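The values are calculated or read from the model by the stated rules, or taken from the named source; none is laboratory data. Quick caveat: nothing in here was measured; it's all calculated off a predicted structure. Please note: Cβ atoms are built from the backbone with ideal geometry, for glycine as well, and neighbour counts cover all protein chains shown.
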Amino acid sequence: MTVIRYEPWALVNRLQKDFDRLLDAPVATAADSGAWLPPVDIDEETGRFVVYVDLPGVDPAAVEITAEKGVLSIRGRREEAPREHGESYRRVERVKGEFQRRFSLPESADTAAIKAKAANGVLQISIPKLAQVQPQRISVEAA
């Protein structure tokens with residue numbers, strides 16, 4: 001006859017160990033997954049919309065901006081800067097790789113006149129508004 005030791009808290013202890021292991025594991029970040037979404041600010045002014053995209057370290061020639069079917073798409077790639085590193089400590093938080101942002105444009109946007117310029121790591125996209133058609137009042141003549 002085989003004697004089996006019964007431990008009523010074995011399952012709870014195992015769950016506690018698994019939970020502790022999860023808490024000790026490093027937290028995954030955007031840098032770990034390779035995903036990168038540059039931050040964006042959008043302003044609406046009287047005659048235009050302005051989109052500001054933070055793209056530090058990105059060559060402006062590597063950025064592609066398209067406006068099609070009411071959607072503004074911004075895509076590009078940031079390359080890793082070449083570094084020499086030996087056996088010293090290294091920490092990398094700046095993400096490299098491709099990015100893409102898409103925004104729905106309002107009907108009042110003039111997609112044919114969009115302009116973009118980059119300065120100091122900030123891409124500025126200017127989207128002019130179309131001239132608003134004002135409603136015309138029609139008078140009714142008495143017969």
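Listed values, structure above:
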{"quantity": "Meets criteria (under 17 Å from the mean Cα position of the chain (by Cα) and free of Cβ contacts under 8 Å to residues at least 60 places away in the same chain) for T111", "calculated": "no"}
{"quantity": "Residue in segment 64-71 that is closer than 22 Å to V95 by Cα, at pLDDT 90 or above and touching a Leu at 6+ places or on another chain (Cβ under 9 Å) present", "calculated": "yes"}
{"quantity": "Matching residues, segment 50-64, being within 16 Å of V40 (Cα to Cα) and touching a Lys or Arg at 6+ places or on another chain (Cβ under 8 Å)", "calculated": "V53, L55, G57, V58, V63, E64"}
{"quantity": "Some residue of segment 33-40 being modelled with pLDDT under 75 and aliphatic (A, V, I, L, M)", "calculated": "yes"}
{"quantity": "Residue in segment 66-87 that is surrounded by fewer than 10 Cβ atoms within 10 Å (Cβ to Cβ) and among the hydroxyl-bearing types (S, T, Y) present", "calculated": "no"}
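This table checks each residue for (1) assigned to a loop (DSSP other than H, G, I, E, B); (2) touching a Pro at 6+ places or on another chain (Cβ under 9 Å); (3) closer than 30 Å to A62 by Cα.
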residue: V92; (1), (2), (3): yes, no, yes
residue: V95; (1), (2), (3): yes, no, yes
residue: F99; (1), (2), (3): no, yes, yes
residue: E107; (1), (2), (3): yes, no, yes
residue: Q124; (1), (2), (3): no, no, yes
residue: P128; (1), (2), (3): no, no, yes
residue: V133; (1), (2), (3): yes, no, no
residue: R137; (1), (2), (3): yes, no, no
residue: A142; (1), (2), (3): yes, no, no
